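The values are calculated or read from the model by the stated rules, or taken from the named source; none is laboratory data. None of these values were measured; they are calculated from a predicted model. Here the Cβ positions follow ideal geometry from the backbone for every residue, glycine too, while neighbour counts run over all protein chains shown. Areas reflect the complete protein model, heavy atoms only, side chains present, ligands, DNA and RNA absent. Shrake-Rupley method; radii C 1.70, N 1.55, O 1.52, S 1.80 Å.
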Amino acid sequence: MKRIPVVDTSCIHAGTMSFAKYKKTIEVGDTAILLLGYDNMLQLMIEKDKIYQTKYGALRCNELIGTRYGRRVQCSKGWLYVLHATPELWTVTLPHRTQILYATDISMIVFQLDLKPGSVVIESGTGSGSLSHAILRSVAPSGYLHTFDFHAQRVEKARQEFEEHGLGHLVSVAERDTCKNGFGLECVADAVFLDLPGPWDVLPFAKQAFKAEGGRICSFSPCIEQVQRTCETLEKLGFTDIQSLECLARTFDVRTVNMPLANLGGGVDIGVEGDQSGSLHQPCIGHIEYDTGGRDAKNTKKRRGDGDTPDGSTEDGASKKWSDGGNGGDAGDGRTKMSESASFVFKTAHPPVQMPGHTGFLTFATLYPD
Amino acid sequence: MFVGDNGDSLENPEKDNRNLVDGSGNQKLSRDDIEAMKKGGVGGHNIVEQLIENSATFSKKTDFAQEKYIKKKKKKYLPVFTVLRPTTRLLAEMYFNKGPLKICNLRVDSLAQILNEANVRAHNKLIVMETCLGLVLGAVMERMAGEGVIINFFTGTAPSRPAVDAFSYPDSYKSVIYDVPLDLVHSLGTDTDSAKDSAVDNPGQDSAKTEDTSAPLNGDTTSDPTGDLTEVSMVESERTSRGEADTAPSDGGTRVGVSASEAVDTDSSQKCVTDVSAAGEREETPESRLVKGAGSWKKRKFVSEEDRLVKRQLKAKTLHDAKVILAQRDMDGLIVASRFHPTPVVLSLIDYVAPSRPLVVFCQHQEPLLDCYMKLKKRGGVVLLKLTETWLREYQVLPSRTHPQVNMSGTGGYLLTGTVVERTREEMDKPS
Ligand SMILES: C[S@@+](CC[C@H](N)C(=O)[O-])C[C@H]1O[C@@H](n2cnc3c(N)ncnc32)[C@H](O)[C@@H]1O
């Protein structure tokens with residue numbers, strides 16, 4: 001997902017918006033997030049007289065300026081929402097210069113590094129600044145981030161973004177090969193984070209960089225061999241509580257499923273009050289829908305016809321009919337004979353058919369004071 | 001147990017465990033010998049050395065196994081304590097390991113997601129409703145560091161949050177909290193007229209001003225003639241007075257006295273107390289020790305009457321301020337993590353959240369969140385609704401013996417996240 005046109009930085013009013021503090025209204029110089037549909041987002045800079053072309057038609061910045069974030073904006077071919085930027089939304093819309101870290105790992109890193117307002121953090125490499133934004137949010141307003149990358153353009157771009165995002169005063173971005181030259185910092189850090197191919201080379205420098213009272217370190221590595229070497233070096237250097245882990249998020253698909261009832265012949269009488277065998281057939285977590293040729297049936301048919309999935313399920317957003325998970329929906333005319341086309345309708349949170357199986361291993365350790 | 005974990009053949013091929021026989025005969029020192037050494041004042045290091053010397057099998061073990069043996073013995077005979085400053089990470093781990101059900105099965109990774117997804121940081125104005133012993137509230141407080149506003153909806157007659165006390169935060173961290181009984185939610189909107197009036201000169205608009213509104217929470221206590229309360233915020237004074245009732249069972253008179261003064265809410269306070277002592281944290285807090293050590297029963301009873309008056313005033317003031325802040329419907333986020341069905345809670349509190357702000361609902365079960373998801377879809381005004389679960393796998397990392405830990409946690413709860421947006425007219429008009 002890319003920023004639409006290239007931004008002319010001359011008209012930016014630096015510091016008007018901030019990832020470190022919310023504001024109500026959209027102003028010139030803000031980086032805003034456009035929501036065009038589920039998981040369809042992009043970020044753009046609000047500039048005077050600027051017009052962006054979106055898939056729903058032209059979006060005029062002048063019409064946004066001074067209005068509230070979170071508002072629904074009507075374009076010629078549809079509507080969209082303009083959202084206030086957050087580190088989480090930034091992560092899914094930022095221009096990639098490198099591989100980046102995503103929300104699940106980022107949450108774990110910030111949490112396990114004990115970050116809070118006032119923390120001083122060292123990071124290498126900066127990469128695309130995805131993690132940096134989350135770090136800065138958590139250590140603001142009194143903390144600081146020293147971030148390093150040996151790639152000149154990445155350093156420059158990150159610096160510019162932090163400035164545009166009202167975070168400039170909380171961070172220094174330096175161009176430096178940290179494996180060779182370390183950070184040039186001593187006794188300043190509460191936490192150190194490494195996302196480098198060879199983090200073990202940086203560990204001795206990292207140790208020096210910690211405050212006298214020690215702190216927490218984390219290294220992110222995709223491969224187990226890297227983890228192995230990192231852990232060995234950490235132990236040699238006197239780090240303790242060394243812990244390696246993986247954290248993955250599963251996103252469930254909330255949907256309504258129509259599961260046809262098999263014809264057992266003879267038509268089973270379902271759910272006659274007081275009838276033991278009948279109540280066993282009464283669904284507990286959904287309801288039975290009958291294809292009786294009525295309106296309901298048409299809906300059901302249509303759903304199945306259009307069926308986004310072959311198992312007869314519909315994404316929740318699209319489904320019109322829904323019950324209070326259990327006894328709502330069909331009034332339960334228990335005496336109706338089950339017909340061939342009856343189905344068991346229920347809501348479910350469907351696990352992803354495919355999901356990322358690996359991002360990287362996170363290795364954490366503590367440095368205690370001697 | 002996991003077999004083949006010794007990795008003997010990998011590390012030291014000439015030694016393997018074919019000649020190792022399991023049996024108590026391997027150690028020549030008996031338990032009595034060891035006990036005698038302990039009683040005789042022999043130090044832990046010495047005991048471990050003796051154990052090695054008297055082990056028939058130690059020299060036959062591989063290097064790795066020897067190391068493991070020493071580690072094991074050291075762990076048993078020379079316990080090491082490291083005193084750590086409480087952090088969200090340590091407390092979350094501790095509570096989860098001790099009794100996950102008391103914190104609704106909230107595993108560390110889920111808590112980590114809550115904090116980030118809700119964009120918790122200094123200067124925010126958050127609504128929190130939790131029943132995780134205060135762990136979520138405490139975590140939010142850590143990330144806000146005394147800047148901003150937390151409207152904390154609690155259930156029962158008084159907030160019970162041993163985890164918050166375990167953090168031993170400075171008072172400034174607590175001053176941002178406005179405690180509101182959850183059962184007042186439906187009456188919150190009723191006297192908004194007065195709320196609106198005062199909103200002009202007393203708004204929770206930005207944190208500079210909200211500092212003013214929150215100051216009286218502590219400042220007012222100077223009117224307390226005994227002065228005992230000056231260091232303690234409203235919440236604590238409630239908690240500690242109950243703490244007395246709880247921790248002085250031998251002193252019958254005291255107990256009766258105190259609980260009589262609280263006779264009105266015995267029922268639920270009793271419940272709070274059990275919650276609290278189950279977690280076993282409160283006794284350690286300096287505040288409670290302070291009160292426990294304070295004076296005779298008579299004095300305490302006197303204090304407790306004054307206390308109640310001040311308490312009531314503070315409660316009223318907090319409630320008023322909270323109403324004023326909420327009336328602006330401009331909160332920066334809503335976090336719900338409780339043992340109650342989330343849908344009604346979320347639907348009543350979401351109206352106070354400003355557009356373009358996050359909503360995060362944690363639940364130990366998936367189905368209530370499904371319901372919440374459906375109802376929010378129907379209501380409208382929430383985008384990017386997402387139902388997730390995180391999976392956490394830890395690794396044993398050792399030379400040539402790296403593998404996932406043999407045991408892992410099967411569930412750490414579920415999360416429903418989304419972003420509140422302005423509702424369209426059609427959405428507002430929909431019957432609920
Ligand atoms: C995968 S990226 C980091 C992505 C980042 N964590 C994010 O979330 O956007 C790794 C970065 O490390 C930098 N890097 C690699 N080796 C380095 C070194 N020795 N010193 C400094 N930076 C280095 C690369 O230039 C690259 O930008």
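Points worth noting:
- Accessible area of segment A:8-85 belonging to carbon and sulfur atoms, whole % at 1.4 Å probe: 49
- Efficiency of FRET between A:ILE65 and B:HIS45 - r from beta-carbon atoms, R0 60 angstrom, step 0.05: 0.25
- Segment A:171-237 gives an Rg/Rh value of 0.95, both radii derived from C-alpha positions and Rh following Kirkwood.
- For segment A:17-133, dividing the convex hull volume of the Cα atoms by the residue count gives 118 Å³ per residue.
- Estimated FRET transfer efficiency when R0 is 56 angstrom, pair A:CYS187-A:CYS284 (beta carbons, to 0.05): 0.35
- With a simple spin-label model that places each label point 7 Å from the Cα along the Cα-to-Cβ direction, the separation between A:GLN208 and B:ASP63 comes to 3.0 nm.
- Threshold 10 Å², segment A:63-84 residues less accessible with all protein chains present than alone (1.4 Å probe): A:ARG68, A:TYR69, A:GLY70, A:ARG71, A:ARG72, A:TYR81, A:LEU83, A:HIS84
- A simple spin-label model places the labels of B:HIS341 and B:ARG308 3.7 nm from each other, with each point 7 Å out along Cα-to-Cβ.
- Measuring heavy-atom accessible area with a 1.4 angstrom probe and counting protein chains only, the residues of segment B:99-113 that give up at least 40 Å² relative to the chain alone are B:ALA112, B:GLN113.
- Over segment A:8-85, the Kirkwood radius and the radius of gyration, each from Cα atoms, give a ratio Rg/Rh of 0.94.
- Nearest-10 value in Å² for the accessible area of A:GLU186, using the 1.4 Å probe: 130
- Ligands, DNA and RNA excluded, the heavy atoms of B:VAL406 present near 80 Å² of accessible surface to a 1.4 Å solvent probe.
- Segment A:156-251, accessible surface, carbon-and-sulfur percent (1.4 angstrom probe): 50
- Shielded residues, segment B:142-158 - accessible-area loss of 30 Å² or more between chain alone and all protein chains, probe 1.4 Å: B:GLU142, B:ARG143
- Modelled FRET efficiency - R0 25 Å, A:ASP39 with B:GLU367, Cβ distances, 0.05 increments: 0.55
- Counting only protein heavy atoms and a probe of 1.4 Å, the accessible surface of segment B:42-152 is 54% carbon and sulfur.
- Take segment A:8-85 with all the other protein chains still there, run a 1.4 Å probe, and you get 43 Å² of accessible area per residue.
- Ranked order, B:GLU147, A:GLU161 - accessible area, probe 1.4 Å, largest first: B:GLU147, A:GLU161
- Residue ranking by accessible heavy-atom surface, 1.4 Å probe, largest first, among B:ARG308, B:ARG121, B:ARG89 comes out as B:ARG308, B:ARG89, B:ARG121.
- Distance in nm between pseudo-label sites at B:VAL83 and B:LYS98 (7 Å out along the Cβ direction from Cα): 1.8
- Difference of contour (0.36 nm per residue) and Cα-Cα distance, B:MET428 to B:ASN407: 2.7 nm
- Solvent-accessible area per residue for segment B:67-157 (1.4 angstrom probe, square angstrom): 36
- Taking all protein chains together, A:SER343, B:SER409, B:SER168 sort by accessible area into B:SER168, B:SER409, A:SER343, largest first [probe 1.4 Å].
- Total buried accessible area between B and A, probe 1.4 Å, nearest 100: 5600 Å².
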